[in-house]
Structure formats: structure tokens, C-alpha cells
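S.K.: Submitted below is the structure of interest, expressed as C-alpha cells.
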Amino acid sequence: SGLAYSYTMLGAMGQFPPLQAYPKGKEMAEKALELDNGLAESHIAIALLKLFYEWDLDAAKMSLDTAKKLNPGSARVYHFYALYFVARGKFKKGVESIEQALELDPLSLIINQHYAEGLTWVGELDQALAQLDRTLEMDPNFRAAIESKGWVYIEMGDYDNAIKCFQKFQKLTG
């Protein structure tokens, strides 16, 4: 399930060619389910593939529901429910879900950053910026938060600060 998750996220983030990453992730996720159908992480991996690769939102939700039953305290489950809700256009529900993930794992950089993105989706730009600042206090070089901060500045019309963020992001990523 860890390999499936890794391949899927690498494909989704463009770090690995998606047409290579997703089939490999699917193979690993199916193998994980075959080995242990009772592991929430395996169902999360399938949900992500259904969401990012096959765009089968109903199947993604079913896999997330199964994962939640298996591990109701999993921050990842709520994190990826948020992405599911966004894909459905239910931005407010997405924010509620990512808030639950953040309560379960307040030190996760990616969950903190995605919470800020969620606040951006619902137009809470000042709160999003403050959330990104809190995230960057944990890791000043967390690239995803730096990039997100640039996008928030664009939404706010503050292009000078947006450019600074994107330049820092570019410097960190090469």
C-alpha cells in the first residue's frame, strides 16, 4: 500500500510520468488488497487511483468509506476525503474534512498546506495566508506551502509578493 500511495502521489504531483506511475500504483494497490484487505491504507491507495487516474468518484468514495471503517482515526482518510469533495465541487465539505485531518495530525506539513488551500477555495484568503505562515514556521523551505502562498497572493492581487514566493519556489525546486 505504501508503494501504491507513493506511485500515485508521484504521478499526481508530476514527479513521475503519470502514465507510468498510475498503472504501477494500481498494480501495487491491488497487490496490497490481495495481501490484506483489512488494511485501511490499501483502500486509501485504491481511492486515490480512482480519484486521480480513473476519475471514478463513486468508487473513490466507496474505498474511502471502507478505509474510514477500518481506521476511523486516520488523518489520511479525512485528508483524501477533502480531495474527493473538491472533485465533486463541494468546497465547504472539503474544508471541513481537511480540518478533521488537521485535528488528527496537526504536525503534517501537507495537511496544513492543504488546509490553507481549502481556505482559499472558500475565499478565506487572509486565513489561508495565516495558515501558510504557520506551516512555514514548521518548515521554512516546504515548497508546497511556498507555492500555495504565491497563489494566495495572486488571488489577493498582491503580485509583488506572489513573484517573491514563486522565485523562492523556483530556487528550491531548480
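S.K.: So for the pair residue 30, residue 171, with labels modelled 7 Å out along Cα→Cβ, what separation do we get in nm?
M.R.: Simple spin-label model gives 4.7 nm for this pair.
S.K.: Now for a separate question. Looking at 64, 102, 45, which one has the Cα that reaches farthest to the positive end of the dipole of the chain (charges on Cβ: Lys, Arg +1; Asp, Glu -1)?
M.R.: Result: 45.
S.K.: I would also like to ask the following. So what is the relative contact order of the chain, in percent, for Cα pairs below 8 Å that sit 6 or more residues apart? Mind dumping the intermediate values first?
M.R.: Details: 239 pairs, mean separation 19.9, N = 174.
After rounding, I find 11 percent.
S.K.: If we sort 51-60, 31-40, 112-121 on the protection proxy, mean other Cβ atoms within 10 Å, highest first, what's the order? Can you show the working numbers first?
M.R.: Working: 51-60: 16.0, 31-40: 14.0, 112-121: 24.1.
In descending order of packing, they fall as 112-121, 51-60, 31-40.
S.K.: Continuing with the same structure: Give me the Debye-computed log₁₀ of I(q)/I(0) at q = 0.12, 0.21, 0.24, 0.26 Å⁻¹ for the stretch 84-139, equal point scatterers on Cα only, no solvent, two decimals.
M.R.: At q = 0.12, 0.21, 0.24, 0.26 Å⁻¹ the computed log10 ratios are -0.24, -0.71, -0.89, -1.01.
S.K.: Angle, helix 143-156 long axis vs. longest principal axis of the chain, Cα atoms, 0 to 90°, nearest 10?
M.R.: Roughly 60 degrees between the two axes.
S.K.: If you take the C-alpha gyration tensor of the stretch 1-81, multiply each eigenvalue by 5 and take the square root, what semi-axes do you get, largest first, in whole Å?
M.R.: On the way: eigenvalues 72, 34, 23 Å².
They are 19, 13, 11 Å, listed from largest to smallest.
S.K.: Residue 158 versus residue 54, label points 7 Å from Cα toward the beta carbon: distance in nm?
M.R.: Distance between label points: 4.3 nm.
S.K.: Hey, what angle do you get for helix 75-87 against the long axis of the chain, alpha-carbon based, 0 to 90 degrees rounded to 10?
M.R.: Long axis of 75-87 versus the principal axis of the chain: about 80 degrees.
S.K.: Taking all pairs of different Cα atoms in the stretch 65-174, averaging 1/r and flipping that mean, what Kirkwood radius in angstroms comes out? Intermediate results must be reported in sequence, preceding the final value.
M.R.: Values: mean 1/r = 0.0704 Å⁻¹.
Taking the inverse mean of 1/r over all distinct Cα pairs, the stretch 65-174 comes out at 14.2 Å.
S.K.: Taking the chain as the reference, fit the longest principal axis to its C-alpha atoms, fit the long axis of helix 159-173 to the helix C-alpha atoms, and give the angle between the two in degrees, 0 to 90, nearest 10.
M.R.: 50 degrees
S.K.: Evaluate the charge dipole of the stretch 82-126 about its Cα centre and quote only its size in Debye, nearest 20, assuming +1 on the Cβ of each Lys and Arg and -1 on the Cβ of each Asp and Glu.
M.R.: Working: 4 positive and 7 negative charges, 63 e Å.
Around 300 debye, computed over the stretch 82-126.
S.K.: Here is a follow-up. How big is the dipole moment of the chain about its Cα centre under a simple scheme where the beta carbon of each Lys and Arg is +1, that of each Asp and Glu is -1, and everything else is neutral? Debye, nearest 20, please. Present the calculation step by step, with values, prior to reporting the outcome.
M.R.: Values: 18 positive and 23 negative charges, 54 e Å.
I would put it at about 260 debye.
S.K.: Could you state the number of Å between the C-alpha centres of the stretch 1-49 and the stretch 67-99?
M.R.: If we compute the Cα centre of each part, the gap is 18 Å.
S.K.: Which whole-number value in Å³ per residue fits the convex hull of the alpha carbons of the stretch 1-144?
M.R.: Details: hull volume 14.4 nm³, N = 144.
So the per-residue hull volume is 100 Å³.
S.K.: Under a Cβ-only charge scheme (Lys and Arg +1, Asp and Glu -1), can you give me the dipole magnitude of the stretch 38-96 about the Cα centre, in debye to the nearest 20? All intermediate terms of the calculation are to be shown ahead of the outcome.
M.R.: Working: 9 positive and 6 negative charges, 50 e Å.
Dipole about the Cα centre, nearest 20: 240 debye.
S.K.: With viscosity set to 0.890 mPa s and temperature to 25 °C, compute the Stokes-Einstein D of the stretch 13-53, Rh being the Kirkwood radius across alpha carbon pairs; µm²/s, no decimals.
M.R.: D = 236 µm²/s.
S.K.: Sticking with this one: Of 125, 114, 85, which is farthest towards the positive pole of the stretch 72-126's charge dipole, taken about the Cα centre with +1 and -1 on the beta-carbons of Lys, Arg and Asp, Glu respectively?
M.R.: 85
S.K.: So for the stretch 39-107, Kirkwood radius off the Cα pairs, Stokes-Einstein at 4 °C and 1.567 mPa s: how many µm² s⁻¹?
M.R.: Numbers: Rh = 11.5 Å.
In µm²/s, the coefficient is 112.
Read-outs throughout are calculated quantities, based only on the coordinates presented, and are distinct from any laboratory measurement. Model, not experiment: these values are computed from the prediction. So basically every Cβ, Gly included, is an ideal-geometry build from the backbone, and we count neighbours across all protein chains shown.
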